[in-house]
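The values are calculated or read from the model by the stated rules, or taken from the named source; none is laboratory data. Bear in mind that the values here come from a model prediction, so they are computed numbers and not experimental data. We place every Cβ from the backbone using ideal geometry, glycine too, and count neighbours over all the protein chains shown.
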Amino acid sequence: MQLKIHSTFDAAHRLAFHKGLCRNLHGHRYDVDIILEGVVGDNGILVDFGILKRDFIRPCLADLDHALLLEQPDPLLTAIQSVLPEQRVVLFRCPPTAEAIAALIFSRLHFLLPSETTEDHPIHVVSVEVHETADCSAILSGSSLCPDFLPVGRT
């Protein structure tokens, strides 16, 4: 059985390599669709949606919400930290694209989700889809997980 969970977060980023407008600092409301898979338990559910959102989805996205997503190194980081020292920043090893954000969320959920649910059935992440706009998204499935997209840290 597969479950689909939807969530959102707001964040700013820039793509320093980009030749167009995306080179500038700008923000998005990211829509995230997560597909999980496992075996339905005797109680008729794969996993409790409330527990899933509270214990796994929200913690996985918490530091991204209202954060600045930057590639390390980015000369903008020093300027931002000197003017806005409290600014939440998440640093990536690569440009903070929808693809990189999908990889980050997938990786976090892969390690956060228990290997067994309360009904002693395995549950795992099938895919993560990150919508940067209403008509553009990146989808990452387990078979295409790339460690180069994982972040380097937070400031």
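In region 63-153, which strands (runs of 3 or more DSSP E) lie fully inside it and hold 1 or more residues that are over 18 Å from Glu37 (Cα atoms), modelled with pLDDT of 95 or more and of a type in the set (Phe, Trp, Tyr)? Write out each step before concluding.
Values: elements: 67-71, 89-92, 123-133, 136-141.
Filter on region 63-153 gives an empty set.
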Top-ranked residue in region 1-28 [being charged (D, E, K, R) and more than 18 Å from Lys53 (Cβ to Cβ); ranked as surrounded by the fewest Cβ atoms within 10 Å (Cβ to Cβ)]: Lys19
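Is it the case that Asp55 is at pLDDT below 90, surrounded by 16 or more Cβ atoms within 10 Å (Cβ to Cβ) and out of contact with any His (no Cβ under 8 Å at 6 or more places or on another chain)?
In short, no.
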Only one of Leu91, Leu61 that is touching a strand residue (DSSP E or B) at 6+ places or on another chain (Cβ under 6 Å) and either within 17 Å of Ser127 (Cβ to Cβ) or among the aromatic types (Phe, Trp, Tyr) (or both): Leu61
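Select from region 1-32 the residues that are of a type outside the set (A, V, I, L, M) and in contact with a Cys (Cβ under 8 Å, 6 or more places away or on another chain) and list them in ascending order.
Arg14
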All positions within region 41-52 that are in contact (Cβ under 8 Å) with a residue 40 or more places away in the chain, farther than 29 Å from Ala98 by Cβ and either among the hydroxyl-bearing types (Ser, Thr, Tyr) or exposed (fewer than 13 other Cβ atoms within 10 Å of the Cβ) (or both): Asp42, Asn43
Residue among Val47, Val32 that is over 12 Å from Val128 (Cα atoms) and either outside any helix (DSSP H, G or I) or of a type in the set (Phe, Trp, Tyr) (or both): Val47
Number of the condition not met by Lys4 [criteria: (1) modelled with pLDDT of 90 or more; (2) part of a helix (DSSP H, G or I)]: (2)
